[in-house]
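Only one structure is covered here, and it is reproduced in the block below.
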Amino acid sequence: MLGPELLQETTDKIFKIRDRIKVARDRQKSYADRRHKPLSFEVGDKVLLKVSPWKGVARFGKQGKLSPRYIGTYEILEKIGNVAYKLKLPESLSNIHDTFHVSKLKKRLSDESLIIPPEEIHVDDKLHFIEEPVEVLDSKIYKTRRSRIKLIKVRWNSKRGPEFTWERKDEIKKKYPHFFKKVPTKKCAA
């Protein structure tokens, strides 16, 4: 094939590809539209703020799937554009910017006992839980076929009561080096 025949065949294939992409895009849009719930809030509404549990450092009450996803009850002060809201945050969260996307907000629960007050947790500027280790209690070596992993038992500063976990020594040493500083001993002259 040369010249116009090749050009015509290529053009036909491009049109077929475009049609198939359009069909797939329309199908996905219809799926998304069916499940999409538009969220909007009014000034004065009470909302919960979504926080992200951060694996390895996120220690608050329960671990993993059971850690809290939303904190506080905050009032909306101002609507900024179509999808952003300015919240009235307490002093404990003053290091966090007070404007949030609608995806980070949830309508307030009717049961006030389920709401977690911000005083009980420490949140960094990226909305991750922060709880630090208090002390190292024990250590052990976990043996695998090819390596040995040093583990330490750590007590965390959880306000829900004592919380103990086994962590890798090298990771804790990297994050919290002050736990592993050796105190110089004085030699007595006798």
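Some observations on this one:
- Derived scalar couplings ³J(HN,Hα) [the stretch 73-88; Karplus, 6.51 cos²θ - 1.76 cosθ + 1.60; whole Hz; x for Gly, Pro]: 10, 10, 8, 7, 8, 7, 9, 10, x, 8, 10, 10, 9, 9, 10, 8
- The stretch 133-180 has equivalent-ellipsoid semi-axes of 22, 13, 8 Å, by the square roots of 5 times the alpha carbon gyration tensor eigenvalues, sorted largest first.
- Sorted by Cβ neighbour density within 10 Å, fewest at the top, the residues 156, 166: 166, 156
- Interchain or long-range residues, amide H under 5 Å from residue 163's placed H: 156, 158
- Nonlocal amide H pairs with residue 72, under 5 Å, H built at 1.01 Å: 116
- Förster-model FRET efficiency, 41 Å R0, residue 98 and residue 142, C-beta, rounded to 0.05: 0.40
Read-outs: derived from the displayed coordinates by stated rules, not from any lab. Note that the structure is predicted; figures quoted are calculated from it, not measured. Don't worry about glycine lacking a Cβ; one is built from the backbone with ideal geometry, like all the others, and counts go over all protein chains shown.
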